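No value in this document is a laboratory result; all are computed from the given coordinates. Quick caveat, the model's predicted, so the values are computed rather than measured. Cβ placement follows ideal geometry from the backbone for every residue including glycine, while neighbour counts extend to all protein chains displayed.
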Amino acid sequence: MKRMFLAVLLSAGTLASLPAADFHITPRVDIMAGIQGAFLTPSIALTWQPGLVGAGAEVKVPIGLSLGDRYVEAMALLKLGWFDLGAGVSAMLVPPTGDTTDLTYPVSPGGLLFAARVGLTAPLLSLGPGKLGLDVSLDAFATETRLTQAPAPSSLGDLIGQIIVYPFVWLFDMALNSVKLSAGVSYTIGL
C-alpha cells in the first residue's frame, strides 16, 4: 500500500513538473454511424503533446439515435501530430428501448468490452482561446446488434448445419456492427 501511494505521489509530481502549455483539453461532438445504427457522441480528451508525439485519455458517451441505448468508453490515447490511436474499454449504460426483438449484446449491461479508435483531429481555425477542428475517426466497440435469424430447420441436416454455421454468423454480425465511422467538430484549448 505504501509503495502504491509513493508511486501515485511521484507520478503526480512528475505531471506537475511538465510545462502547462503542452496539455490540451478537447471536447468533441460527433455523429457515429455503423451498419445498424447511428449515435450522437459527446466526448472529452485530455492530452499532453509537447511536440509531434503525445499521450492522453478520452471519455466518450455514445447515445443511440434509433434505439436510445447509451454507452460509455474510456481509453488511453497515443498522439502523433493530428493523428491518434486509442484503446480502452466500453460498457452499456442504458439498454435499448422500443422494438428489441432479435437484439443481442455480448455481455450484460455494465460489463466491460474492448474499445479502440483510429482518428484524426485537424485544427481548422483559431476561435477565442482555442482552435475549432474537424474530427474524423474509425471506432470499434460493441453495441446492440440485430442478429440474422436462422430459418426453421426442415430436417435433421438443416438443424445440424445451423448448429455449426450460426455461431459464425453471430460473430460476423457482432464484428461488423462493432466498427463505426465517426465525424464531427472539436475545440482544443491549451491549459
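Length gained on full extension, Val169 to Leu120: 14.4 nm, using 0.36 nm per residue less the C-alpha separation. Database remark: amide H of Gly133 closer than 5 angstrom to the amide H of Leu124, Ser186, Tyr187, Thr188 (H placed geometrically; neighbours at sequence offset of 5 or more, or on other chains; Pro and chain starts carry no H). The C-alpha radius of gyration of segment 23-190, expressed as a fraction of 2.2 N^0.38 Å, stands at 1.23. Rounded to whole numbers, the Karplus 3J(HN,Hα) couplings from phi for segment 123-140 are x, 9, 7, 6, 9, x, x, x, 10, 7, x, 9, 10, 10, 8, 10, 10, 9 Hz, using 6.51 cos²θ - 1.76 cosθ + 1.60 with θ = phi - 60°, and x at Gly and Pro. Between Ile189 and Val59, full extension at 0.36 nm per residue minus the direct alpha carbon distance yields a gain of 45.1 nm. Around the amide H of Asp69, modelled in the peptide plane, lie the amide H atoms of Gly64, Thr97, all under 5 Å away and 5 or more residues distant in sequence or on another chain. Using the Karplus relation 6.51 cos²θ - 1.76 cosθ + 1.60 with θ = phi - 60°, the per-residue 3J(HN,Hα) values for segment 84-95 come to 8, 10, x, 8, x, 10, 9, 8, 7, 8, 10, x Hz, with x marking Gly and Pro. Using θ = phi - 60° in the Karplus curve 6.51 cos²θ - 1.76 cosθ + 1.60, the 3J(HN,Hα) couplings for segment 44-56 round to 9, 10, 10, 10, 10, 9, x, x, 6, 9, x, 8, x Hz; x is entered for Gly and Pro. Counted residue by residue at 0.36 nm each, then reduced by the alpha carbon distance between them, the extension gain from Trp82 to Val136 reaches 18.4 nm.
Provide the net charge surrounding Leu134, with neighbours chosen by a C-beta distance below 12 Å and charges set as Lys +1, Arg +1, Asp -1, Glu -1.
Values: positive: Arg28, Lys131; negative: Asp30, Asp135.
For residues surrounding Leu134, the net value is 0.
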